[in-house]
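Worksheet for the structure shown next.
The values are calculated or read from the model by the stated rules, or taken from the named source; none is laboratory data. Computed from a prediction, not measured in an experiment: that's the story for all the values here. Here the Cβ positions follow ideal geometry from the backbone for every residue, glycine too, while neighbour counts run over all protein chains shown.
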Amino acid sequence: MSEIKIPKKLIEVALPLDDINAAAAREKSIRHGHPSTLHLWWARRPLAAARAVIFAQMVNDPSETVSGDKRLRETKLKIQSEREKLFDIIRDLVKWENTNNEIVLNRARAAIKESWRFTCELNRSVPEASELFDPEKLPAFHDPFAGGGAIPLEAQRLGLQSFASDLNPVAVMINKAMIEIPPKFAGNKAIGPLIDSDNQSDLIDSWSGVKGLAEDVKRYGHVMREEAYKRIGYLYPKIEVTETMAASRADLKHLIGDKLTVIAWLWARTIPSPSPIYSHVNVPLASSFVISNKKGKEAYVEPVITGDSYEFVVKTGIPPTESKSGTKVGRGGILNVCYPRLQFLSN
Ligand SMILES: C[S@@+](CC[C@H](N)C(=O)[O-])C[C@H]1O[C@@H](n2cnc3c(N)ncnc32)[C@H](O)[C@@H]1O
């Protein structure tokens, strides 16, 4: 029985590591809007590194494919120059700007196919060759610990049939959304109801790739948002800026009378005051009353107490020390008495 021959792969010999590292580091700061930022999976591989590594695992090292006497300088130089060509493909592949560049991707896909054909030829006489070494059918890619899906996504991009699985159902959902579902809709045009304010002119002629699916996600997302607003929007009322509010907030003066959408609600658990006199009052547990410490944008909330009730007022400017301590000690939710303005509630 003839043995399976596995030519040495590029990854076993050399890689343009500096280029891959630089692209992987850069990717972190420029991938805004990419699905990988929707849910930050732990230890997710940079797409650039995944793409480079899969490519280097799929292509044969030229020392295996270049013919000639390997002891001769001429052959060595030829091998080196062929290896450089593969490095150049990797250098282009890892650039974020080339993520969807079909010219760059096609060069990589062609190199992978060429290596595969070479491997199939080597194994022509293996008994299961027709099943295992079909030059027209690249081996499938399997990632049983797919997590955020970087590796199977890049395998798919390089032309391999990709299978991803994971123990964690959230990871499975990410992989379904990123790898399994989009190809089913490739080339389809969007069918969702048009959003009135949208300018569709740039899409009308081209529904290539998954543009139609992406557009439908946007359109139906809009439908869901409108419906949610109809049903529960009243729970999120706009806030009218009053003169009283603006009295201590110069930044609100020009907005008096305007109704503004609230962009953040700060929630705090409450517990009955440990003070017997105020046990009917629920006291918030907050580790700090500071909203923002950012230089020039400092803000905090100050409790205003009237009798046995209180409300919070948002203030801008450097937070006083007392607002930094909040009302809570540690994670256990024990009321801290060091916040003087609320102290009366816990005496
Ligand atoms: C480091 S993460 C993988 C990250 C992934 N390569 C990426 O780029 O996003 C490891 C994954 O292995 C999964 N895992 C751990 N033990 C497993 C098991 N026994 N079977 C399947 N998946 C498992 C975890 O849920 C996790 O998603």
Number of positions in the stretch 300-327 that are closer than 22 Å to R269 by Cβ, hydroxyl-bearing (S, T, Y) and outside any strand (DSSP E or B): 3
Residue match in the stretch 155-169 (condition: in a strand (DSSP E or B), surrounded by 21 or more Cβ atoms within 10 Å (Cβ to Cβ) and within 14 Å of the ligand (Cβ to nearest atom)): yes
Count of the stretch 3-19 residues which are within 30 Å of V126 (Cα to Cα), part of a helix (DSSP H, G or I) and charged (D, E, K, R): 1
Selection within the stretch 35-69 - at pLDDT 95 or above and among the aromatic types (F, W, Y): F55
Residues being more than 16 Å from K315 (Cβ to Cβ) and exposed (fewer than 10 other Cβ atoms within 10 Å of the Cβ) - total across the stretch 226-252: 5
Filter pass, A228 being within 16 Å of the ligand (Cβ to nearest atom) and modelled with pLDDT of 95 or more: no
Among the candidates P152, P127, P169, P135, residue that is modelled with pLDDT of 95 or more and more than 21 Å from T37 (Cα to Cα): P135
Flag for T99 being in contact (Cβ under 8 Å) with a residue 12 or more places away in the chain, among the β-branched types (V, I, T) and within 16 Å of the ligand (Cβ to nearest atom): yes
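Quick grid of which residues meet (1) surrounded by fewer than 18 Cβ atoms within 10 Å (Cβ to Cβ); (2) not in a loop (DSSP other than H, G, I, E, B):
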position	(1), (2)
H39	yes, no
Q57	yes, yes
G68	yes, no
E82	yes, yes
N100	yes, no
N106	yes, yes
G147	no, no
